[in-house]
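Novice: Here it is, the structure in full.
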Amino acid sequence: MKNKLSRKRFAFIALLAIAFCSFISCKKSSGDANGGQEIYMSCKINGTLHEFNYHVNANDKPATDTVHFVVIGGWEKPDMVTGFGIDMQIDKGAKEGSYVSNSAARLLLSGKYYIQQMKDGKILGTTIYNGGDVDGSNFTMTITSLTKWGVKGTFSGKLRLLTGDEYLTVTDGKFSAPYN
């Protein structure tokens with residue numbers, strides 16, 4: 001029970017971090033060059049291409065050479081209603097390579113697809129599909145570049161609706177996100 005609670009707490013905090021990082025980013029990223037780097041996030045969800053190219057960014061630039069957190073997020077449209085986020089926490093430090101949820105001790109990795117229900121400009125609720133830290137789900141991320149600019153890579157997984165047994169399959173995911 002405690003493990004499930006801590007994972008739910010981590011998922012909630014990570015979702016807030018993605019929203020915060022994306023909100024304060026102040027830049028619309030639709031594939032525009034940024035310091036010579038492309039900025040994007042996209043994937044297929046149940047076979048349909050989704051591009052999350054608005055406010056794409058990663059967490060704040062690490063203060064040390066060891067990167068313990070990798071948080072990446074973006075929205076489909078400027079309205080910030082539908083988005084995708086990736087959260088990774090690793091004690092030994094992130095490096096270029098592949099990471100699979102629940103594959104190593106002291107590794108927390110998840111991908112989240114979320115849809116906010118809005119009415120009159122107010123958020124009434126959020127539907128969250130989570131992969132990696134929910135029973136019956138999984139998530140894989142490969143970091144192909146981890147530099148002072150930001151992080152690039154690929155991702156895929158099987159995401160589960162947090163409040164039910166509905167699943168989404170994520171394939172062909174890719175991202176290039178500057179640090180905040």
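The values are calculated or read from the model by the stated rules, or taken from the named source; none is laboratory data. If you're wondering where the values come from, they're calculated on a predicted model, not measured in any experiment. Here the Cβ positions follow ideal geometry from the backbone for every residue, glycine too, while neighbour counts run over all protein chains shown. Just so you know, the surface numbers come from the protein's heavy atoms only, side chains and all, with ligands and any DNA or RNA stripped out. Shrake-Rupley method; radii C 1.70, N 1.55, O 1.52, S 1.80 Å.
Novice: Answer with one residue from I123, V170, I72: the one whose Cα lies farthest towards the positive end of the charge dipole of the stretch 65-178, charges on Cβ with Lys, Arg +1 and Asp, Glu -1.
Specialist: With unit charges placed on the Cβ atoms, the residue in question is I72.
Novice: Share of the stretch 56-166's accessible area from carbon and sulfur, percent, 1.4 Å?
Specialist: With neighbouring chains kept in place, the figure for the stretch 56-166 is 51 percent.
Novice: Can you give the local net charge around G47? Use residues other than it whose beta-carbon is closer than 14 angstrom to its beta-carbon, Lys and Arg +1, Asp and Glu -1.
Specialist: +1
Novice: With all pairs of different alpha carbon atoms counted, what Kirkwood hydrodynamic radius in Å does the stretch 65-178 show?
Specialist: Final number for the Kirkwood radius of the stretch 65-178 is 14.7 Å.
Novice: Order V100, V134, V56, most accessible first, counting only protein heavy atoms with a 1.4 angstrom probe.
Specialist: V100, V134, V56
Novice: Moving to a separate point now. State the extension gain, in nm to one decimal, for the chain segment bounded by T169 and Q37, taking 0.36 nm per residue of separation less the distance between their alpha-carbons.
Specialist: 44.7 nm
Novice: When ligands, DNA and RNA are left out and all protein chains stay put, how many square angstrom of accessible area per residue does the stretch 74-150 have with a 1.4 Å probe?
Specialist: Averaged over the residues of the stretch 74-150, the accessible area is 49 Å².
Novice: Shifting gears a bit: Arrange the residues S103, S137 by how much accessible surface each exposes, largest first, with a 1.4 angstrom probe.
Specialist: Of S103, S137, the descending order of accessible area is S103, S137.
Novice: On full extension of the chain, what length is gained from K77 through T64, given 0.36 nm per residue of separation minus the C-alpha to C-alpha distance?
Specialist: That works out to 1.3 nm of additional length.
Novice: Now, a different point. What ranking of L146, L107 comes out by heavy-atom accessible area, probe 1.4 Å, highest first?
Specialist: L146, L107
Novice: What net charge is computed for the residues neighbouring T140, neighbours being all others with C-beta under 14 Å from the C-beta of T140, Lys and Arg scored +1, Asp and Glu -1?
Specialist: -1
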